[in-house]
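**Student:** Before we start, here is the structure in question, set down as structure tokens.
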Amino acid sequence: MVSHKAGPLKQTKKAHKHGKHRSKGSLSVKGKAGILPGKGKCGVNNLNKKDRKNRDKQLKKVKLNCSAAEKRGLGGPGHSPICVVLLPAHSGVDLSQTLQLLRTQGEVHSLTDNSFYLFSTKLKKRLQVVCPGEGIFDQLDTVKCADLVVLVWDSSFIIDPLLRTCLFAQGLPPVQHMVMQLSEQRVSDKEFSVQKKQFTDILQKNNFSLNNAKVQYMREASDFDNALWGLVNFKQHTLGFLRERGYLISSSVELQDTGPETGTLVVRGYLRGQGLDPNQLLHIPGHGHFRVHKIVTSP
């Protein structure tokens, strides 16, 4: 009997497949053969599923803590006051009564007739109330630096179409609506509900978002207590071009060392956004770019 001899074309034994089709998340980095821990193709660390979830959880927690700390610190000690810009819906709205009633809500440090600092001893918050001029460019420049814009309406519920178009084109910070209905004759509750429905339809027609915006109806002088709470507690969001720049609304302006054609302009105010660099030019709306001589911080 002749035994079989294997020829040169005998097939070798195939190597066992050691889990090549298993997912990366089911294997630890240490147990993978031929893969060293480090950065992958896109520069991201090769982390397993559990480590990636822990990393995302930690980043989310840090982001929430930073957002909460920023919200609590706005207008508080060690931070700049909340910049509130009162904007009339049209040229026929008188803001003198609104400013007068806001001055009664706390300690007031007046700057001008249309701008003052307000400290609420009850809420422990500081506000900088600013009322710009009647010019459309003055209003738009002031809205750029605002933390909160309050549109003041009268009972006619009319808004200037040019102002509305420019505000949406430039970009709006958080907005609240204040309807002044102070009168000697009180409106009935039924008629008031009809007016509220009418005003809501007008806001939706003019594309104002009602998700985060508050609408406050000033029917009595005592309603300004709740209005002040709304000016302090609002959902914050900052425009993109403000996060990358330093800006301020001046509280006082003084011209020193005046010469025939030159001088030094001293501007005081609370700096917001990014810090100012003395090696860069400073832009003053309506006048141009100027060189910064020095920056002095208050003690």
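The values are calculated or read from the model by the stated rules, or taken from the named source; none is laboratory data. Predicted model, so just to flag it, every value in this text is computed and none were measured. Please note: Cβ atoms are built from the backbone with ideal geometry, for glycine as well, and neighbour counts cover all protein chains shown. The area values use the complete protein model at the heavy-atom level, side chains included, leaving out ligands, DNA and RNA. Shrake-Rupley method; radii C 1.70, N 1.55, O 1.52, S 1.80 Å.
**Student:** Considering only residues that are in a helix (DSSP H, G or I) and touching a residue at least 12 places away in the same chain (Cβ under 8 Å), look in region 53-85 and name the one that is farthest from Gln236 (Cα to Cα). Working first, answer last.
**Tutor:** Within region 53-85, the subset in a helix (DSSP H, G or I) is 53-73.
Cutting the leftovers down to touching a residue at least 12 places away in the same chain (Cβ under 8 Å) gives us 70-71.
Numbers: Glu70: 9, Lys71: 7 Å.
Ranking the candidates gives Glu70 first.
**Student:** Next question, about the same structure. How many residues does region 101-125 hold that are hydroxyl-bearing (Ser, Thr, Tyr), surrounded by fewer than 14 Cβ atoms within 10 Å (Cβ to Cβ) and within 30 Å of Thr165 (Cβ to Cβ)? If you could, list the steps in order and put the result at the bottom.
**Tutor:** At the first step, the residues of region 101-125 found to be hydroxyl-bearing (Ser, Thr, Tyr) are 104, 110, 112, 115, 117, 120-121.
Among the residues that remain, those that are also surrounded by fewer than 14 Cβ atoms within 10 Å (Cβ to Cβ) are: 104, 110, 112, 121.
So of that shortlist, the ones also within 30 Å of Thr165 (Cβ to Cβ) come out as 112.
So the answer is 1.
**Student:** Here is a follow-up. Quick one: in region 126-146, of everything that is open to solvent by 30 Å² or more (accessible area, probe 1.4 Å) and not aromatic (Phe, Trp, Tyr), which residue is nearest to Cys83 (Cα to Cα)?
**Tutor:** Within region 126-146, the first condition is being open to solvent by 30 Å² or more (accessible area, probe 1.4 Å), and the residues that meet it are 126, 133-138, 141, 144.
From the residues that got through so far, the ones that are not aromatic (Phe, Trp, Tyr) too are 126, 133-136, 138, 141, 144.
Numbers: Arg126: 9, Gly133: 16, Glu134: 19, Gly135: 20, Ile136: 19, Asp138: 16, Asp141: 13, Lys144: 11 Å.
Only one residue fits best here, namely Arg126.
**Student:** For region 82-100, indicate whether the set of residues that are modelled with pLDDT under 75 and surrounded by 14 or more Cβ atoms within 10 Å (Cβ to Cβ) is non-empty. Talk me through it step by step, then tell me what you get.
**Tutor:** Going residue by residue through region 82-100, those that are modelled with pLDDT under 75 are none.
No, region 82-100 contains no residue that is modelled with pLDDT under 75 and surrounded by 14 or more Cβ atoms within 10 Å (Cβ to Cβ).
**Student:** Also, quick follow-up: Against the condition under 20 Å from Thr238 (Cβ atoms), surrounded by 15 or more Cβ atoms within 10 Å (Cβ to Cβ) and not basic (Lys, Arg), how does Asp160 come out, does it pass? Before you say what the answer is, go through the steps one by one.
**Tutor:** On the way: under 20 Å from Thr238 (Cβ atoms): no; surrounded by 15 or more Cβ atoms within 10 Å (Cβ to Cβ): yes; not basic (Lys, Arg): yes.
In short, no.
**Student:** Give the residue that is modelled with the highest pLDDT, with candidates limited to residues of region 227-248 that are exposed (fewer than 11 other Cβ atoms within 10 Å of the Cβ) and farther than 18 Å from Leu74 by Cβ.
**Tutor:** In this case the residue turns out to be Glu244.
**Student:** Tell me, which residue of region 249-299 that is of a type in the set (A, V, I, L, M, F, W, C), open to solvent by 60 Å² or more (accessible area, probe 1.4 Å) and in a loop (DSSP other than H, G, I, E, B) is nearest to Lys144 (Cα to Cα)?
**Tutor:** Applying the first criterion (of a type in the set (A, V, I, L, M, F, W, C)) to region 249-299 yields 249, 253, 255, 265-267, 271, 276, 281-282, 284, 290, 292, 295-296.
Filter again for open to solvent by 60 Å² or more (accessible area, probe 1.4 Å), leaving 253, 255, 265, 267, 271, 276, 281-282, 290, 295-296.
This time we only want the ones that are in a loop (DSSP other than H, G, I, E, B), so: 271, 276, 295-296.
Numbers: Leu271: 14, Leu276: 17, Ile295: 22, Val296: 24 Å.
Applying the filter and picking the extreme gives Leu271.
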